[in-house]
Amino acid sequence: MRAVVYRGKNDLRLETVPVPRIGARELLVRVAVCGVCPTDIKKIQYGTVPPPRIFGHETAGTIVRAGARARGFKIGDRVALHHHVPCLDCHFCRHHAFAQCETYKRTGITAGFEPAGGGYAEYVRVMPFVLPGVVKIPGKNSFAEGAMLEPVNTVLKAVRRLNLLPGDNVLVAGQGPIGLMFTRLLQLAGARVIATDLMASRLRLARKFGAKWTMLASQPEKAGRAVPCPPSDSAHGVARPAGPQLSPCGVAAITPRGETLNPQLAARGLDAAVIAVPSDDVVRQSLAWLRGGGQLMLFAHTKRIAPSLNPQPSTLNFPLDLASVCVDEKDLLGSYSSDFTLQREVARLVFSRQLDVRDLISHSFPLEQTAQAIALAAHPTPDSLKILVRAGAD
Ligand SMILES: [Zn+2]
Ligand SMILES: [Zn+2]
């Protein structure tokens, strides 16, 4: 079969490899589509894991072979796969910290070599311990929708970590595919979303996905530091011109198209902020805008600082006044990867199209152009969002 093999840093090659053999409790799935995920892009671009591997873990396809003891599956089933499934039994799992579970950390889907997802290949082998993560795709839904279950799950997991009440004001910084999922799921949870991005095209989509307010952010170099609050009566309902657009009183400055914000919004501050861009500057600013007791969710800060650059482990990339955590009771939270127990709900949200992921998919590339797909995903353009690789026909 054809597969895109990672041979080293930024080195992906289309190769011919054997179709995986399966055991009695395993499945063989013919891949239809596989989403391009930032975590794989990082591994490929920084060469953080040893080659060879076949990446791709947001996979959907058709079961073409089922082991005699793989119960509940049959040849021809259209399925979405999860490459990580927790044991639900260990100390971490009992604390609901599934991403820290040793079983969860094992990758249960492979197209060959060290298991790494295998979705950038024509066939994948699904191992017994991830069979509980196999979800059947309804007839009316596409493989592409199935491939989006995994990223949607990671977003719903993070939304559930927030203590939100209906009507809460939540900033979502970054309106890429993940940020847009946040915007929609937060709106469904009753929050009023303030969506920011550097690209106007993405803010238009954010409206469609339920943002109550949108704001064009400026590049940190151009924006400089947060500006002081304008006089209170001019703070509302006035769109600010180019330049720094966010102020510590905050959200009053977020007034797209001249709409008037609820004055309470500015007085109260943000109830929560979701940081879906890997920018420390955005974290620093958002933390300032949180109300006391508000929550800040880190979702895109996945790159560790190399120890050589950070000799003292406590050194932060920006000064953090710990009293904002202690006295102001602002929570700094993170969320990583998926929550297996949310899987049914995620499938319902996606397959019912309450969260219509079809609007998030901008490009799909054939398998032989996987490197181009990854390059585009790594350098988004105004018209690019979620990018898929097609190993077969949908
Ligand atoms: Zn992913
Ligand atoms: Zn566990």
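What to note about this one:
- Close amide-amide hydrogen proximity is noted between TYR123 and VAL31, each under 5 Å apart and 5 or more residues distant or on a separate chain (H modeled in the peptide plane; Pro and chain starts excluded).
- Database remark: amide H of PHE55 closer than 5 angstrom to the amide H of TYR6, GLY118, TYR120 (H placed geometrically; neighbours at sequence offset of 5 or more, or on other chains; Pro and chain starts carry no H).
- Residue-by-residue Karplus 3J(HN,Hα) for the stretch 2-8, coefficients 6.51, -1.76, 1.60, Hz, glycine and proline x: 8, 8, 9, 9, 7, 10, x
- Rounded to whole Hz, the Karplus (6.51, -1.76, 1.60) HN-Hα couplings of the stretch 36-46, x for glycine and proline: 8, 10, x, 5, 6, 4, 4, 4, 6, 6, 9
- The alpha-carbon of LYS212 sits under 28 angstrom from the alpha-carbons of these lysines, leaving out residues fewer than 8 places away in its chain: LYS157, LYS222, LYS330, LYS386.
- Here the calculated FRET efficiency for ASP11 and ARG304, from their Cβ-Cβ distance with R0 = 35 Å, stands at 0.95, rounded to the nearest 0.05.
- Ranked by how many other Cβ atoms sit within 10 Å of their own Cβ, fewest first, the residues ARG78, ARG53 fall in the order ARG78, ARG53.
- q = 0.13 Å⁻¹, the stretch 1-139: log10 I(q)/I(0) [Debye, one scatterer per Cα]: -0.55
- Taking amide hydrogens as placed 1.01 Å from N in the peptide plane, the amide H of VAL389 sits under 5 Å from those of CYS34, GLY35, VAL36, PHE365, each at least 5 positions away in sequence or on another chain.
- Neighbour counting of Cβ atoms within 10 Å sorts the residues LYS386, LYS208, fewest neighbours leading, into LYS208, LYS386.
- Net charge over other residues, Cβ less than 14 angstrom from the Cβ of GLN372 (K, R count +1; D, E count -1): +1
- Here the 3J(HN,Hα) profile of the stretch 153-166, calculated from phi with Karplus coefficients 6.51, -1.76 and 1.60 at θ = phi - 60°, is 4, 4, 6, 5, 4, 5, 4, 5, 6, 8, 8, 9, 10, x Hz, Gly and Pro shown as x.
- Under 15 Å from LYS43, Cα to Cα: aspartates and glutamates that are on another chain or at least 8 residues apart: ASP11, GLU114
- Under 20 Å from LYS140, Cα to Cα: aspartates and glutamates that are on another chain or at least 8 residues apart: GLU58, ASP77, GLU150, GLU345, ASP356, ASP359, ASP394
- Remark: spin-label model distance SER201-SER352 equals 3.2 nm, labels positioned 7 Å along the Cα→Cβ axis.
- Taking other C-beta atoms within 10 angstrom as a stand-in for reagent exposure, LYS212, LYS42 fall in the order LYS42, LYS212, fewest first.
- Spatially, the stretch 58-75 and the stretch 330-355 are offset by 24 Å when compared through their Cα centroids.
Read the figures in this text as sums done on the coordinates, not as results from a lab. Source: prediction; values computed, not measured. Every residue, glycine as well, gets a Cβ built from its backbone with ideal geometry; the counts of neighbours run over all protein chains shown.
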